[in-house]
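Here's the structure, in structure tokens; my notes come after.
The values are calculated or read from the model by the stated rules, or taken from the named source; none is laboratory data. Fair warning: this is a prediction, and the values are worked out from it, not measured in the lab. Don't worry about glycine lacking a Cβ; one is built from the backbone with ideal geometry, like all the others, and counts go over all protein chains shown. Ligands, DNA and RNA are excluded from the accessible area calculation, which covers all protein heavy atoms including side chains. Shrake-Rupley method; radii C 1.70, N 1.55, O 1.52, S 1.80 Å.
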Amino acid sequence: MPIEDSSLELLADTLESLDLPARGQFLQRYFRAIAHLDLRETQSVQIWDEMLARRRELTDLTGRQVSLKTALTDVLSSSGLLRLPILIEYDELKRLELNAVTDPLTGLHNRRLFAESLEKELNRARRYSQPLALVTLDLHRFKEVNDQHGHPRGDDVLRAAAATLKNALRTSDSAFRIGGDEFALLLPQTDSPQALALCRRVEAVFAEMLQPLLLAVTVGMDHGVAIFPQDAEHPDQLIRISDERLYRLKHTNHTKPDNGSARTETASAPGPAAAPPSARVAPAPQPISIETKRAPEKTESTIEAAASATSAAISIDVNPAPAQVFTIQRKAERVSMTGTNAYAVLGDPGARRARVLDLGFGGVAIELDSSQELPEYVLAVLHVPILPPVRVNLKPVWKQQTTQGGFRAGCAFVS
């Protein structure tokens, strides 16, 4: 017999030995505890007696012993006193609460929790006089994915966007799916340059994650940023400003002619005839040096160009012909990687490993633990947080011995 049935049997035996007033007082408290019923003592005794009689009746009908719990539930239900009491485990309750605020497709928080979280983070930002960044994002040409590939592939794109956001955020940040292909980020203690750097990093990683899907449509991720308290101090104002900036950026980016069209127009423009391939001569090697010989201190926003710098390196041919080594002039923007886990594996198959100090469109600064001579050209694999490994060809352009016995070198990207 289950424990709860045994306890009821013991309770019934005990109540038989009590006089009527004591039995009524006990049962009144008992029904209040188990069913939240406020009954008079006489009502409590009457229900208990009906339960005993119902048990005998059900036992005779079924030909087997019926438990007191079954009989009691039947009496309370038939009398209208039992209104479907809900008994639930704590873990199950927390699971239900989490499901209520979670988007089932992407696993991100939903719009219901977004409004609550925005108000809460704004209050915290006001209290501690800290900035708060609100980022709204949506997917460009997402409808075309559903039209051409079907909704299951569109769901894959949404899951890829959610995975990108989850991997890019700190533990204090929050990501939400607030619409069909619309997302939002709450970034505490984040100013405008830091938020914009994160957006560019997210766009680059999202493009990488979409490659295995082999889409016929180029899906992009547009963003709009609003900062508390510089832009606004109230939730509605921040949402409106971030939405306006999102659609302004979308209009600017996607109404310009694409690169292919621009190249076509340039090629068809009147002017001197292009030289035949046989007459073209590769320019002489002019490596781009890294001006600094010391890595700057890392700040919260120092990784803002890492994604675009490394993506630029992806397009470089890593197997150059020795007779045609030249450099590509790029914007001289450098990003400190000090304090991150960025590193470079030098050589093939990669016997040496160096720390990446800074990274730019033109090259990279590295540091080794001991003084080592580097060859004229070095094949390396760069490992930068958030991005996949990138194979590049480096040309050392300056070297420096550190006071700790290490060795620093500035290398230019060459192809």
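Please determine whether any residue of the range 366-376 is open to solvent by less than 20 Å² (accessible area, probe 1.4 Å), part of a strand (DSSP E or B), farther than 21 Å from Val202 by Cα and not aliphatic (A, V, I, L, M). No: zero hits. Checking each residue in the range 127-159 for being in contact (Cβ under 8 Å) with a residue 24 or more places away in the chain, open to solvent by 80 Å² or more (accessible area, probe 1.4 Å) and either touching a Lys or Arg at 6+ places or on another chain (Cβ under 6 Å) or within 29 Å of Pro193 (Cβ to Cβ) (or both) picks out only Arg141.
Figure legend. Inter-residue proximity from the range 59-75: first residues touching a residue at least 24 places away in the same chain (Cβ under 8 Å), second residues small (Gly, Ala, Ser) and open to solvent by less than 60 Å² (accessible area, probe 1.4 Å), beta-carbon distance below 7 Å, spacing 6+ or different chains. Indicated pairs: Leu68/Ala12.
Among the helices (runs of 4 or more DSSP H) confined to the range 61-180, the ones with at least 3 residues that are in contact with a Pro (Cβ under 8 Å, 6 or more places away or on another chain) are located at 111-128. Would you please name the residue that is farthest from Ile178 (Cα to Cα), looking only at residues in the range 225-255 that are within 24 Å of the chain's Cα centre (by Cα), among the basic types (Lys, Arg) and open to solvent by 70 Å² or more (accessible area, probe 1.4 Å)? Within the range 225-255, the match that is farthest from Ile178 (Cα to Cα) is Arg245. Condition (residue is open to solvent by less than 70 Å² (accessible area, probe 1.4 Å), at pLDDT below 85 and not β-branched (Val, Ile, Thr)) applied to the range 327-335: is it met by at least one residue? Yes, the range 327-335 contains at least one residue that is open to solvent by less than 70 Å² (accessible area, probe 1.4 Å), at pLDDT below 85 and not β-branched (Val, Ile, Thr).
Taken over the range 149-168, the criterion of being farther than 12 Å from Phe183 by Cβ and at pLDDT below 90 is satisfied by Asn167 alone.
Among the residues of the range 377-415, those identified as open to solvent by 40 Å² or more (accessible area, probe 1.4 Å) and among the hydroxyl-bearing types (Ser, Thr, Tyr) are Tyr377, Thr403. Since Gly24 meets every condition but one in (1) farther than 16 Å from Ser79 by Cβ; (2) of a type outside the set (A, V, I, L, M); (3) open to solvent by 40 Å² or more (accessible area, probe 1.4 Å); (4) outside any loop (DSSP other than H, G, I, E, B), which condition does it not meet? Only one criterion in (1) farther than 16 Å from Ser79 by Cβ; (2) of a type outside the set (A, V, I, L, M); (3) open to solvent by 40 Å² or more (accessible area, probe 1.4 Å); (4) outside any loop (DSSP other than H, G, I, E, B) is unmet by Gly24, namely (3).
Selection of the range 232-247 for residues being at pLDDT 90 or above and part of a loop (DSSP other than H, G, I, E, B) yields only His234.
Find the residue count for the range 36-51, including only residues that are touching a helix residue (DSSP H, G or I) at 6+ places or on another chain (Cβ under 9 Å), assigned to a helix (DSSP H, G or I) and surrounded by fewer than 16 Cβ atoms within 10 Å (Cβ to Cβ). Looking only at that region, the number is 1. In the range 211-224, the residues that are under 25 Å from Leu246 (Cβ atoms) reach residues that are among the hydroxyl-bearing types (Ser, Thr, Tyr) and not in a strand (DSSP E or B) with C-beta atoms within less than 6 angstrom, at least six apart or across chains, in these pairs: Gly224/Ser242. Residues in the range 202-217 that are touching a strand residue (DSSP E or B) at 6+ places or on another chain (Cβ under 9 Å) and closer than 11 Å to Val157 by Cα: Phe206, Ala207.
The rows are residues; the columns are (1) under 30 Å from Ala168 (Cα atoms); (2) at pLDDT 85 or above; (3) polar (S, T, N, Q).
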residue: Gly24; (1), (2), (3): no, yes, no
residue: His36; (1), (2), (3): no, no, no
residue: Leu82; (1), (2), (3): no, no, no
residue: Leu113; (1), (2), (3): yes, yes, no
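Put simply, of Ser172, Ser192 the only residue that is out of contact with any helix residue (DSSP H, G or I) (no Cβ under 9 Å at 6 or more places or on another chain), open to solvent by 30 Å² or more (accessible area, probe 1.4 Å) and without any contact (Cβ under 8 Å) to a residue 24 or more places away in the chain is Ser172.
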